[in-house]
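Novice: Mind having a look at this structure? Questions to follow.
Just so you know, all these numbers are worked out from the coordinates, no wet-lab data involved. These numbers were taken from a predicted model, which means no experiment stands behind them. As a convention, Cβ positions derive from the backbone with ideal geometry for all residues, glycine included, and neighbour counts pool all protein chains shown.
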Amino acid sequence: MSDKKILCSAISIIALLLLGSTLAVNEAFAGSDPKTIGTLPPIKISKSASPSPVGLNPVQIGHAYGFDQISCYGTSSCGSGQTIAIVDAYDDPNIESDLATFSAQYGLPSCTTTNGCFTKATPQGLPKANTNWALEESLDVEWAHAMAPGAKIILVETQDSFLSSLLSAVDYAARQPNVHQVSMSWVTSEFSGESSYDYHFNVAGVSFIASSGDSGAGVSFPAASSYVVSVGGTTLNVQTSGKVLSETAWSGGGGGVSSYESRPSYQTGFNSNSGRGVPDVSYVADPNTGVSIYDSYGYGGWSQAGGTSVGAPQWAAIIAIVNSGGGQLSSASFGTNTAFYNAATG
C-alpha cells in the first residue's frame with residue numbers, strides 16, 4: 001500500500017470522530033469588530049515543570065495514528081519540500097532552543113535558523129513575551145516538527161492576541177513561499193458577521209487548520225469557517241508502545257452547529273442542521289492523556305499538555321507529508337474538508 005493510501009486510511013478512521021457527538025447550537029458572542037475581539041490558546045497542562053519528559057512522546061503518537069507505517073517516518077524526507085506556517089500571538093524568546101531540546105530528546109533531525117528549517121517571523125514588529133502563548137508556541141512548533149521532520153517551519157508571531165492581528169498574520173503566512181499549511185491554535189467565541197472574514201482562509205493551494213476549543217459543546221472561530229479544517233479532541237489511551245487501547249470523544253473538545261456559518265456542501269449527509277457543524281476531524285486532546293512538550297519560558301521544562309491545540313499543528317503535518325509525496329493542493333485537493341469527508345465515507 002502506498003504512503004498516501006496509508007495516510008488516507010488513517011484519516012478515514014479518525015476523521016469525523018466527533019462530528020455529531022457534540023452538536024449543539026452555541027450562544028454567540030455579541031461583538032463583531034476583530035480589533036476588539038480577543039482570542040485564547042486552547043491548551044491545558046496536567047503536569048508541569050518536570051525535570052524529565054512526561055506525557056505521550058512522538059513514537060507513541062506515531063504508532064497510535066499510523067505515522068510509523070509511512071516509509072519516510074522519523075526522517076527528514078517526511079514533509080520535505082513543504083513549509084508549515086504556525087500563527088500565534090506574542091513572543092516566545094526561547095522557542096528555538098526549546099525546539100532543540102525537544103528534538104534532541106526524541107532523536108529528531110535538527111531544526112534551526114542556521115540550517116534553514118526554522119524561521120521566526122514578526123511582521124508586526126517584535127512582540128513582548130507572554131508565558132501562556134510561549135507554551136502554545138512550544139507545543140505547536142515541537143509537534144509539527146515531530147510528525148513532519150522534513151518540513152520547514154515558519155512561526156509567525158503577532159503583537160497581541162486580538163483577532164485582527166492574528167488574521168493579518170494568517171494573510172502574511174499564506175503568502176510565504178512553499179507554505180501550503182497554516183496552523184491556527186487559537187479560538188474566540190462566534191460573533192455576528194464572522195463569515196465576512198472567511199476570505200482569509202480561502203486561498204488556493206493552502207490548507208488552514210484550527211483548534212475547535214476546549215470548553216466543551218460550543219462553536220469557536222476561526223474553526224467555524226467552512227474554509228478551515230476544524231480539529232476536535234479525543235481521550236487517547238495507549239500502551240507504552242503506542243498501541244491504542246481506546247480512543248473516545250473528549251468532553252472538553254469544542255463542537256456544535258454554527259449560528260452564523262451556513263452548512264457547506266461537503267457536510268450534506270453528515271449534518272442535518274442548516275449551520276456549519278464542527279469539528280471536522282479529531283486528535284488526542286485530553287490533558288490527562290496529553291503529549292510531552294518542552295518550554296523553558298515560564299513553565300520550567302517538561303510538561304504534559306492537552307487541548308485541541310495538540311491536533312492543529314499535527315494535522316498540518318499530516319497534510320504536509322501527503323503533499324510532499326505528490327501534487328500540491330491546487331491540483332490534488334488533499335487537505336481540504338471535501339477530501340476528508342470523502343475519505344471518511346470510503
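Novice: Which residues in segment 201-233 have a backbone N closer than 19 Å to a point placed 7 Å from the Cα of Ser195 along the Cα-to-Cβ line?
Specialist: Label zone hits: 201-203, 219-230.
Novice: Can you give the calculated 222 nm mean residue ellipticity of the chain, where each DSSP H run of n ≥ 4 adds -39,500 (n - 2.57) and the sum is split over every residue, rounded to the nearest 500 deg cm²/dmol?
Specialist: Counting only the DSSP helices, I get -7500 deg cm²/dmol.
Novice: Still on this structure, I have one more. Over segment 3-344, what relative contact order in percent results from Cα pairs under 8 Å that are six or more residues apart?
Specialist: Averaging sequence separation for qualifying contacts and normalising by length gives 29 percent for segment 3-344.
Novice: Further question: Quick check: residue separation of Ser110 and Ser71 times 0.36 nm, minus the Cα distance between them. What number comes out in nm?
Specialist: In short, 12.1 nm is gained.
Novice: Also, quick follow-up: Most fluctuating residue of Tyr297, Tyr199, Tyr73 in a GNM of the chain with Cα springs under 10 Å: which is it?
Specialist: Looking only at Tyr297, Tyr199, Tyr73, the biggest GNM fluctuation is shown by Tyr199.
Novice: Under a GNM of the chain (C-alpha, springs under 10 Å), which listed residue has the highest mean-square fluctuation: Ser168, Ser303, Ser189?
Specialist: Maximum among the listed residues: Ser168.
Novice: Considering only DSSP beta bridges with both partners in the chain, what is the antiparallel share in %, to the nearest 5?
Specialist: Of those bridges, close to 40 percent are antiparallel.
Novice: Could you check the spin-label model distance between Asn178 and Ala204? Points 7 Å from the Cα along Cα→Cβ, value in nm.
Specialist: 2.2 nm
Novice: Using 20 Å bins from zero, what percent of all Cα-Cα pairs in the chain falls into each bin?
Specialist: All Cα pairs considered, the percentages come to 35, 61, 4.
Novice: Among DSSP beta bridges whose residues both lie in segment 230-316, state the antiparallel percentage, nearest 5.
Specialist: Just about 75 percent of them are antiparallel.
Novice: Among Pro149, Pro123, Pro51, whose mean-square fluctuation peaks in a Gaussian network model of the chain (Cα, cutoff 10 Å)?
Specialist: Greatest mean-square fluctuation among the candidates belongs to Pro51.
Novice: Further question: Can you find, among Gly306, Ala169, Ala89, the residue farthest towards the positive end of the dipole of segment 3-344? Put +1 on the C-beta of Lys and Arg, -1 on that of Asp and Glu.
Specialist: Gly306
Novice: In whole Hz, with x marking every Gly and Pro, tabulate ³J(HN,Hα) for segment 83-92 from phi via Karplus 6.51 cos²θ - 1.76 cosθ + 1.60, θ = phi - 60°.
Specialist: Coupling constants for segment 83-92: 10, 9, 9, 10, 10, 9, 9, 6, 10, 10 Hz.
Novice: Tell me the relative contact order for segment 130-223 as a rounded percent, counting alpha carbon contacts under 8 Å between residues six or more apart.
Specialist: Value for segment 130-223: 23 percent.
Novice: Obtain the nm distance between the two label points defined at Leu126 and Thr345 by a simple spin-label model: each point lies 7 Å from its Cα along the Cα-to-C-beta direction.
Specialist: With each label placed 7 Å out from Cα toward Cβ, I get 5.2 nm.
Novice: Taking the Cα centroid of segment 35-53 and of segment 168-209, what is the distance between the two, rounded to the nearest whole Å?
Specialist: For segment 35-53 versus segment 168-209, the Cα centre distance is 21 Å.
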